[in-house]
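Note sheet for the following structure.
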Amino acid sequence: MAPNITRAPTEVFFEEETVAELQPIEKKPKYVSRIVWRNVVIFSYLHIASLYGIYLAFTSAKWATVIFAFFLYQMTGLGITAGAHRLWAHRSYKAKWPLRLLLVILNTIAFQDAAIDWARDHRVHHKFSETDADPHNSNRGFFFAHVGWLLLRKHPDVKEKGKVIDISDLKSDPMLVFQKKYYALLMPLMCFILPTVIPVVCWNETWTNAYFIPTILRYIFTLNVTWLVNSAAHFFGNKPYDKYINPSQNKSVAIMALGEGWHNYHHVFPWDYKTSEYGNYTFNITTAFIDFFAKIGWAYDLKSTSEDMVKKRVERTGDGSHDLWGWGDKDQTQEERDQVMMTYSSAKNQ
Ligand code: ST9
Ligand code: ZN
Ligand code: ZN
């Protein structure tokens with residue numbers, strides 16, 4: 001007797017079905033990278049112009065101009081680190097409106113695109129790290145991770161998988177929405193026009209020096225330092241927290257990037273407002289900045305990772321380079337000391 005089945009499970013060919021319906025799902029078209037020549041030309045010009053800025057800084061600039069350029073690098077850097085990165089991309093702390101206003105101004109002078117877009121790309125970078133969906137996937141090489149990704153159309157996976165990232169919090173922040181809406185007006189004014197006009201008006205600097213040093217050189221220097229977090233800190237350094245990922249602890253990058261080089265830790269615990277295990281201000285100016293504003297009440301709900309959780313992760317996936325130099329290190333926990341296995345102990349003789 002025939003079995004009482006009217007419709008078989010899938011993958012059985014019925015006469016009424018057409019061959020077309022049975023075709024395998026269409027293969028994704030092969031990805032071909034497309035160069036954005038406009039960006040190649042602009043970035044080439046800016047880098048050459050910034051070399052001229054270095055020359056002028058050593059030959060004809062006033063001290064005030066060089067100091068102003070350095071000051072702008074640090075301040076606009078904070079607009080990226082404390083603003084776009086730790087506040088908006090990772091929500092690792094909360095900020096009251098005066099601090100958010102300060103950060104959005106500094107962030108606009110930094111010109112790394114609207115913070116909403118920056119934070120969206122960065123969330124995608126963390127979620128799909130080292131895959132085609134990562135906007136600056138370091139598996140495509142140092143140059144791509146550093147700047148190449150800004151010279152090409154994005155891989156379709158970035159846009160496809162990026163859709164699953166929730167950015168409703170960013171889109172409902174009126175300051176960020178305002179920044180994005182008026183970016184084409186605000187950015188040129190704050191990143192290029194004001195930094196050029198201020199030295200001329202305030203301390204009688206030449207237009208040439210004012211344009212090439214605190215404007216172009218400062219901008220390109222800050223950009224390259226930021227990009228080093230994506231390139232150098234994904235290639236060089238220890239991995240005390242997770243040896244299976246590319247992001248690494250890179251002290252040189254941390255110093256230049258105001259504390260953002262502790263990248264192995266940061267990828268493992270991205271919600272930690274310090275982006276590193278220790279609150280050491282010497283190599284983490286951004287943490288000092290956030291702590292200062294927490295003291296005056298403008299920053300709050302600062303999130304960190306417990307020592308215990310860090311320790312467990314170090315033991316489970318670390319590469320063994322976690323920086324305890326040995327017995328008696330100031331960072332050794334009391335528990336580690338109490339539970340040490342001591343053979344041939346001299347304690348009974350003491
Ligand atoms: C710059 C940013 O340099 C640098 C960011 C570095 C990040 C570092 C992070 C490291 C940690 C923090 C350390 C900080 C250290 C700081 C130290 C400071 C001292 N998800 O982008 P489009 C969709 S900026 C979902 O045009 P194309 C979306 O629909 C430099 N969807 O793609 C979008 O439309 P809409 C100045 C996404 O056409 C549409 O695709 N800026 C996502 O392939 C089109 O998006 C420049 O030079 C996503 N993630 O073009 C501009 N992405 O936006 C450079 C896209 O309307 N950029 N979609 O929703 C460009 O010209 C273009 O973006 C492109 C790609 C050519 C690169
Ligand atoms: Zn991050
Ligand atoms: Zn990264």
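FYI, it's all coordinate maths here, none of it is from the lab. Only a predicted model underlies this, so the values are computations on that prediction, with no experimental measurement involved. All Cβ positions, glycine included, derive from the backbone under ideal geometry; neighbour counts span all protein chains shown.
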Checklist entry - Of the residues in segment 173-198, how many are assigned to a loop (DSSP other than H, G, I, E, B) and farther than 17 Å from L103 by Cα? => result 0
Item to check | Of all residues making up segment 89-101, the number that are in a helix (DSSP H, G or I) and farther than 19 Å from T305 by Cα | outcome: 5
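Considering only residues that are of a type outside the set (G, A, S) and within 16 Å of ligand 3 (Cβ to nearest atom), look in segment 275-310 and name the one that is farthest from S138 (Cα to Cα).
First, pick out the residues of segment 275-310 that are of a type outside the set (G, A, S): 275, 277-278, 280-287, 289-293, 295-296, 298, 300-303, 305, 307-310.
Filter again for within 16 Å of ligand 3 (Cβ to nearest atom), leaving 275, 286.
Working: T275: 20, T286: 25 Å.
Filtering segment 275-310 for residues that are of a type outside the set (G, A, S) and within 16 Å of ligand 3 (Cβ to nearest atom), the one farthest from S138 (Cα to Cα) comes out as T286.
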Item to check | Number of the exception - K311 against (1) among the basic types (K, R); (2) away from ligand 2 (no atom under 15 Å from the Cβ); (3) under 22 Å from A89 (Cβ atoms) | outcome: (3)
Next on the checklist: Which residue is farthest from ligand 3 (Cβ to nearest atom), if the candidates are limited to segment 99-140 and must be touching a Phe, Trp or Tyr at 6+ places or on another chain (Cβ under 7 Å) and closer than 18 Å to T286 by Cβ?
Outcome noted: L99
Checklist entry - Out of segment 204-248, which residues are within 25 Å of G53 (Cβ to Cβ) and of a type in the set (S, T, N, Q)? => result N204, T206, T208, N209, T215, T222, N224, T226, N230, S231
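Residue by residue through segment 250-274, note down the ones that are without any contact (Cβ under 8 Å) to a residue 24 or more places away in the chain, within 14 Å of ligand 3 (Cβ to nearest atom) and polar (S, T, N, Q). Break it down stepwise before answering.
As a first pass, look at segment 250-274 and keep what is without any contact (Cβ under 8 Å) to a residue 24 or more places away in the chain: 250, 252, 262, 266.
Cutting the leftovers down to within 14 Å of ligand 3 (Cβ to nearest atom) gives us 250, 262, 266.
Residue satisfying the conditions is N250 alone.
Among residues belonging to segment 250-259 that are more than 9 Å from ligand 1 (Cβ to nearest atom) and buried (at least 24 other Cβ atoms within 10 Å of the Cβ), point out the one that is farthest from F111 (Cα to Cα).
We begin by selecting, within segment 250-259, every residue more than 9 Å from ligand 1 (Cβ to nearest atom); these are 250-252, 254-255.
Still in the list and also buried (at least 24 other Cβ atoms within 10 Å of the Cβ): 250, 254.
Details: N250: 25, A254: 21 Å.
The residue in question is N250.
Rundown of residues vs (1) farther than 15 Å from K180 by Cα; (2) among the polar types (S, T, N, Q), yes/no style:
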position	(1), (2)
T81	yes, yes
K96	yes, no
R100	no, no
V104	no, no
A110	no, no
Next on the checklist: Just to check your reading of the model, which residue among N238, N280, N264 is away from ligand 2 (no atom under 16 Å from the Cβ) and either of a type in the set (V, I, T) or surrounded by 16 or more Cβ atoms within 10 Å (Cβ to Cβ) (or both)?
Outcome noted: N238
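Return the only residue of D157, D169 being surrounded by 13 or more Cβ atoms within 10 Å (Cβ to Cβ), assigned to a helix (DSSP H, G or I) and among the acidic types (D, E). Give the steps one after another, and end with the answer.
Numbers: D169 fails: surrounded by 13 or more Cβ atoms within 10 Å (Cβ to Cβ).
Result of the check over D157, D169: D157.
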Checklist entry - Only one of these conditions is not met by D117: (1) closer than 17 Å to A233 by Cβ; (2) in a helix (DSSP H, G or I). Which number is it? => result (1)
Checklist entry - Going by the structure shown, is A57 in a helix (DSSP H, G or I), surrounded by 14 or more Cβ atoms within 10 Å (Cβ to Cβ) and more than 12 Å from ligand 1 (Cβ to nearest atom)? => result yes
Next on the checklist: Take the conditions surrounded by fewer than 24 Cβ atoms within 10 Å (Cβ to Cβ), within 14 Å of ligand 1 (Cβ to nearest atom) and either part of a loop (DSSP other than H, G, I, E, B) or of a type in the set (S, T, Y) (or both) and apply them to P247. Does it pass?
Outcome noted: no
Checklist entry - Among V164, V201, V225, which is the only one that is in a helix (DSSP H, G or I), surrounded by fewer than 23 Cβ atoms within 10 Å (Cβ to Cβ) and away from ligand 3 (no atom under 16 Å from the Cβ)? => result V201
Checklist entry - With (1) β-branched (V, I, T); (2) in a helix (DSSP H, G or I); (3) away from ligand 1 (no atom under 13 Å from the Cβ) as the list, and I220 as the residue in question, which single condition is left unmet? => result (3)
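What about L228, is it within 16 Å of ligand 2 (Cβ to nearest atom) and in contact with a Leu (Cβ under 8 Å, 6 or more places away or on another chain)?
Numbers: within 16 Å of ligand 2 (Cβ to nearest atom): yes; in contact with a Leu (Cβ under 8 Å, 6 or more places away or on another chain): no.
When the stated conditions are applied, L228 does not pass them.
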Checklist outcome for this item: Of the conditions (1) closer than 30 Å to P188 by Cβ; (2) in contact with a Gly (Cβ under 8 Å, 6 or more places away or on another chain); (3) without any contact (Cβ under 8 Å) to a residue 24 or more places away in the chain, the single one that R140 does not satisfy is (1)
